[in-house]
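Submitted below is the structure of interest, expressed as structure tokens.
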Amino acid sequence: MTTNQYSRLFKLTAKFLKYFLLAIFGFAIAYILSMSFGALNIVAVLLPFAGNWFSKLGILLLCLMTTTIIIESLR
């Protein structure tokens, strides 16, 4: 195996980062659209749950990125 090939962990981290950023972008669009249609009460109820969910996933992503960086630097 040459060092130019990406490991499975690196591919997993990149895919997780891609979908995490897409989810945040989609949530931001949904938030803006719901504000424009007057559904602010529903968003106010869901925002703490979504914020908690995104913060936990973000911490998990940071740990995964850190692990990937350490393992890739040791290769």
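Filtering region 1-44 down to residues that are of a type in the set (S, T, N, Q) and part of a loop (DSSP other than H, G, I, E, B), which residue is nearest to I59 (Cα to Cα)?
Taking region 1-44 and keeping what is of a type in the set (S, T, N, Q), we get 2-5, 7, 13, 34, 36, 41.
Now restrict to residues that are part of a loop (DSSP other than H, G, I, E, B): 2-5, 7.
Working: T2: 31, T3: 28, N4: 28, Q5: 27, S7: 22 Å.
Checking each candidate, the answer is S7.
Pairs needed: first member in region 27-45, under 20 Å from S55 (Cα atoms) and exposed (fewer than 10 other Cβ atoms within 10 Å of the Cβ); second member anywhere, at pLDDT below 85 and among the hydrophobic types (A, V, I, L, M, F, W, C); C-beta distance under 8 Å; at least 6 residues apart or different chains.
Partner pairs satisfying both residue conditions: none exist.
If you don't mind, there's one more thing I want to ask. Residue check: is A14 out of contact with any Gly (no Cβ under 7 Å at 6 or more places or on another chain) and more than 19 Å from I69 (Cα to Cα)?
Values: out of contact with any Gly (no Cβ under 7 Å at 6 or more places or on another chain): yes; more than 19 Å from I69 (Cα to Cα): no.
So A14 does not fit the description; no.
Let's see how each residue does on (1) within 18 Å of the chain's Cα centre (by Cα); (2) at pLDDT 90 or above:
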site: L12; (1), (2): yes, yes
site: F20; (1), (2): yes, yes
site: S36; (1), (2): no, no
site: G51; (1), (2): yes, no
site: S55; (1), (2): yes, yes
site: I69; (1), (2): yes, yes
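Same structure again: Could you please let me know if I71 is in a helix (DSSP H, G or I), at negative phi and surrounded by fewer than 11 Cβ atoms within 10 Å (Cβ to Cβ)?
On the way: in a helix (DSSP H, G or I): yes; at negative phi: yes; surrounded by fewer than 11 Cβ atoms within 10 Å (Cβ to Cβ): no.
The answer is no for I71.
Now for a separate question. Can you give me the number of residues within region 22-34 that are of a type in the set (A, V, I, L, M) and under 15 Å from the mean Cα position of the chain (by Cα)?
Within region 22-34, the first condition is being of a type in the set (A, V, I, L, M), and the residues that meet it are 22-24, 28-30, 32-33.
Filter once more, keeping what is under 15 Å from the mean Cα position of the chain (by Cα): 22-24, 28.
Qualifying residue count, region 22-34: 4.
The values are calculated or read from the model by the stated rules, or taken from the named source; none is laboratory data. The structure presented is a predicted model; accordingly, all values stated were derived computationally and were not measured. So basically every Cβ, Gly included, is an ideal-geometry build from the backbone, and we count neighbours across all protein chains shown.
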